[in-house]
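I have placed the structure first, in the form of structure tokens, so that the comments after it can refer back to it.
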Amino acid sequence: MSTSIEPPPRFAHTASRHGLFYPPHKREGRVGDSRIAAGVIALVAIAVLIGGAFVGLILEGINDLSGAIAAFDGYLFRVARFTLWQALLSTSLSVIPALFVARALSRHPSFRGRGLILRLFAVPLALPAIVVALGVLALYGRAGYFAGLLSQISGEGWPGIYGLSGILVAHVFFNLPLATRLFLEALNTVPADQWRLASQLGMGARAGFRLIEWPALRASLPGVAGLVFMLCITSFTIVLTLGGGPRATTLEVAIYQSLRFDFDPARAVALTLLQIVLTMAVVAALMRLGANVTGDANLSVVPRRHIPISRGGTALDALLIALALAFVAGPMLATIFSGLEADLARLAGEAAVRRAAATSLILACLSALLCVALTAALTMARRALALKRGANGPRALLERMTDTGAGFVLVVPPIVIGAGWFVLLRHAGDVFALAPVMVVTVNAVMAMPFALRAVRPAYDAASERHERLCAQLGVAGWNRLRLIEWPVLRRPLSTGFAFAMALSLGDLGVIALFGSDSVQTLPYLLLARMGSYRTADAAGIALFLGILCLALMALADRLGKETAR
Amino acid sequence: MIPQPKGAADIVLDDVAFTYEDMHMLFDVTMKAGGIISVMGASGSGKSTLLNLIAGFERPDSGRVLIGGADVTDMPPSARPVSMVFQENNLFAHLTVEQNVGLGRSPALRLTDADRVEISDALARTGLAGKEKRLPRELSGGERQRVALARVLVRDRPVLLLDEPFASLGPGLREDMVDLVMAVHAERGMTVVFVTHQPEDARRIGGNLLFLEHGRVVAEGKTATFFGKDGPEAFQRYMGTGGASA
């Protein structure tokens, strides 16, 4: 007899079935159900956050259709053109030099200070954009450390670095080190045997570059360039603080201005639409190139013997590395020095600073908590769904959403989400009262793809070992979370927490839209002080903020490495 | 209800069909309550799948699984009257020996004093007295499997499934462990299904033997018969010796 059996309903077993054998513990659901439920809740929360923003934008667009259409004017296209132009320039200026710096670093795998340089190159990614903007101004601004020198060179008064040049310098500061690390990683994947073969065949430096190094670099070039381009077209803080006037404005900054200053929601909707189309186009292109949108800068430093390098080549490499180092270290040092010049004692005692610091820390903690909760829920749900499916079945939509779907939040810039909710809620009362909720939720969701990368491998590996045992022993739901998952996930979740907290602490996206005198974070206060030309105060706050974020990032890194071991 | 020896339950796979990738398996087999059954067969013949179907880690495409006369086909693993010992990963690495055994009594790890007494009793009987507070990494491979057997004692379920639990142990140690399984069986009288690659394990255990090929039971009977001159042809082919001298 071969009766086919209905797929079991979710809580199939009943008390009568239990009857005979089981006792010590009474009931446990179908294994995995609570995890899937948690994942669904997380997905719904994310969908509400993003969907709500879109509802706001669509409603506003319908309400004022003529206004939204009229907003597609010459100004809007100028802004869009500038957005693309600055991103293109920034990408070229970051990626092309990075190719050579990475090659120089890979040709000299062991010199004193190399490790330090590489660690220094990881710092810009951890620094809040507003801190970097201030560092750039402290160095190249009209009253910056280099102003005197630059005035003498140019023969007239140094006008400062506002506008396109400022944006480019800051973007290159962020992305040159990132691209260098990524290219170096690509070069490190060249098998040692290829190098041995090359030296045996007597290849010179030029042939080595053409036949070995360039192919490796070329393979990673589209992905790296795409990632940098993406970071540059969604860059908000840098353009807000360093861009000058309507000539140097990007879409994101224009969205902010249309809501905060002109109060022209129809224009904001048009700008947002364009921004979304632009990012989606770039991400689609990136996916085709197989790039990793979340970016990765893990480094394995493999000392390796190379083909001989001429004396001139070595000197050129040294010059390249020194220039890159000076460019990257400059704004950091400027941040430190100008920060120390500020009256730190007075700042620390100031009520507004203390209040902003407290607000920042509380919001960042909440945001990080939410981030790791979402991350854990999605990770567990994905694993539970994969197990339920077995090796054979096709992946259902839900599983795909808990998997790659989560990464797609990066397509929607925080400003866009903020703008959507801003126009949706402005009729419902005081928009600015919602600042804390918006900051916490948006930053949590934005940090989530990064946290997922710390948590998921650890969880999946543990699940691999524990799944059958838990099913057998009936360790499920809360018991499983408490006894089995928590000890395993504690460290990776801490990594995610520290990372999310750093990201949230330094963020000036959502708070720029929703901030007010009653709700100020440190970056918001910093922006306000810059706006009122209290540069020394701003420098002091920037130093504090920068150190805080770096410490958190270092902690995240350290915890992550211990997990990996 | 059929009368059974105390603490045992028979296992019936009633036309159980299961597909894994390209392999179509079909099991229609009864295992007597309180018996001890070795399962042998080449890699990929479906030995582990057979156990997973009984334990509930896999669900049949069609057919029924009955344990002690009750249909358990739709039950989750933890609700079935079954304990299973795997080849590895029987213990949670971050929990102590005592906690690992205690999970067999309470999945919330809320243990009464009586539970603790029973746990330390089970540990003593499996030769682990005094190691209650150790972590799995502080134990040898053999000791870790002993902890799993201690948990089997504490759980006290009518069916015990063993999926090559001693495969990574040396020959001498394996003999000791097989003896321990037999002692546990003698004491509790549960139905034991023992998957093994090692002919000498099956011979030592005696009882009955199921021989699998391509997801089907192709021979079953007394273990002694299998290893005798008149053993089934398929089994002799698998052993490659004509059976008798293995």
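What is the percent of Cα-Cα separations in chain B that go past 22 Å?
Numbers: 16331 of 30135 pairs.
Summing the P(r) of chain B above 22 Å gives 54 percent of all pairs.
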Take the alpha carbon atoms of segment B:6-85, find their center, do the same for segment A:335-368, and report the distance between the two centers in whole angstrom.
64 Å
At 0.36 nm per residue, and after removing the present C-alpha to C-alpha distance, how many nm does the segment from A:T314 to A:A352 gain when stretched out fully?
8.4 nm
Between segment A:68-144 and segment B:116-160, what is the C-alpha centre distance in whole Å?
60 Å
Summing -39500 (n - 2.57) over every DSSP H run of at least 4 residues in chain B and dividing by its residue count gives a helix-only mean residue ellipticity at 222 nm, to the nearest 500 deg cm²/dmol, of -9500 deg cm²/dmol
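For chain A, what % of the accessible area comes from carbon and sulfur atoms, probe 1.4 Å?
Values: 16720 of 25390 Å².
Roughly 66 percent of what the probe reaches on chain A is carbon or sulfur.
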Given an 8 Å cut-off on Cα distances and at least 6 residues of separation, report the relative contact order of segment A:66-336 as a percent.
34 percent
Report the semi-axes of the equivalent ellipsoid for segment A:66-336 in whole Å, largest first, where each axis is √(5λ) for an eigenvalue λ of the Cα gyration tensor.
38, 24, 14
Using Cα pairs under 8 angstrom and six or more residues apart, how large is the relative contact order of segment B:1-100, in percent?
29 percent
Accessible area drop of at least 10 Å² (1.4 Å probe, protein heavy atoms): which residues of segment A:438-474 qualify, relative to the chain alone?
A:R465, A:H466, A:R468, A:L469, A:A471, A:Q472, A:L473, A:G474
7 Å from Cα along Cα→Cβ at both A:Y75 and B:E132: what's the point-to-point distance in nm?
7.8 nm
Buried on assembly, segment B:74-88 (at least 50 Å² less accessible surface than by itself, 1.4 Å probe)
B:D74, B:M75, B:P76, B:S78, B:A79, B:F86
Loop-located chymotrypsin sites (Phe, Trp or Tyr not before Pro) in segment A:367-472 whose Cβ has at most 14 other Cβ within 10 Å (DSSP):
none
Hey, can you find the accessible area per residue of segment A:66-336 for me, probe 1.4 Å, expressed in square angstrom?
45 Å²
Helix B:113-125 versus the longest principal axis of chain B: what is the Cα-based angle in degrees, 0 to 90, to the nearest 10?
50 degrees
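Once the cut-off is 14 Å, how many percent of the Cα-Cα pairs in segment A:338-380 end up in the long-distance tail?
Details: 580 of 903 pairs.
When every Cα pair of segment A:338-380 is considered, 64 percent fall beyond 14 Å.
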Quickly work out the A:C365-to-B:R110 label distance, labels modelled 7 Å from Cα along the C-beta direction, and quote it in nm with one decimal.
3.0 nm
The answer for the net charge of residues other than B:M177 whose Cβ lies under 10 angstrom from its Cβ, with Lys and Arg +1 and Asp and Glu -1, is -2
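Let me have the relative contact order for chain A, percent, based on Cα pairs under 8 Å that are six or more residues apart.
Numbers: 736 pairs, mean separation 134.0, N = 565.
The normalised contact order for chain A reaches 24 percent.
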With label points set 7 Å from each Cα along the Cα-to-Cβ direction at B:D28 and A:I41, the distance between them in nm comes to 4.8 nm
Taking the reciprocal of mean 1/r across every pair of different Cα atoms in segment B:110-246, the Kirkwood radius in Å is 16.6 Å
Please list, by residue number, every one of the chymotrypsin sites (Phe, Trp or Tyr not before Pro) in segment A:58-112 that is coil in DSSP and has at most 11 other beta-carbon atoms within 10 Å.
none
Working out 0.36 nm times the residue gap between A:R395 and A:S110, then minus their Cα-Cα distance, what length gain in nm do you get to one decimal?
98.0 nm
Value of D in µm² per second that Stokes-Einstein yields for chain A, Kirkwood Rh from Cα pairs, at 37 °C (0.692 mPa s)
127 µm²/s
For the interface of chains B and A, what total accessible area is buried with a 1.4 Å probe, rounded to the nearest 100 Å²?
3600 Å²
Could you state the orientation-averaged shadow area of the convex hull built on the Cα atoms of segment A:70-197, in nm² to one decimal?
12.0 nm²
Which distance in Å, rounded to a whole number, links the C-alpha centroids of segment A:450-511 and segment B:167-246?
43 Å
State the percentage of accessible surface on segment B:24-71 attributable to carbon and sulfur atoms; use a 1.4 Å probe and exclude ligands, DNA and RNA.
48 percent
Per residue of chain A, what 222 nm ellipticity follows from adding -39500 (n - 2.57) for every DSSP H run with n ≥ 4, rounded to the nearest 500?
-24000 deg cm²/dmol
Karplus-derived 3J(HN,Hα), 6.51/-1.76/1.60, for each residue of segment A:510-523, Hz, glycine and proline x
5, 5, 4, 6, 9, x, 7, 4, 7, 10, 10, 9, 4, x
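For segment A:411-565, what percent of Cα pairs sit more than 20 Å apart? Show your work: numbers first, answer last.
Details: 7334 of 11935 pairs.
Tail of the P(r) past 20 Å holds 61 percent of the pairs.
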Got a sec to turn the phi values of segment A:65-79 into Karplus ³J(HN,Hα) couplings, 6.51 cos²θ - 1.76 cosθ + 1.60 with θ = phi - 60°, whole Hz, x for Gly and Pro?
4, 5, x, 5, 5, 5, 5, 6, 10, x, 4, 4, 6, 4, 4
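The values are calculated or read from the model by the stated rules, or taken from the named source; none is laboratory data. Only a predicted model underlies this, so the values are computations on that prediction, with no experimental measurement involved. Positions of Cβ are backbone-derived with ideal geometry, glycine not excepted, and every protein chain shown enters the neighbour counts. What goes into the accessible areas is simple: the full protein's heavy atoms, side chains included, and nothing from ligands, DNA or RNA. Shrake-Rupley method; radii C 1.70, N 1.55, O 1.52, S 1.80 Å.
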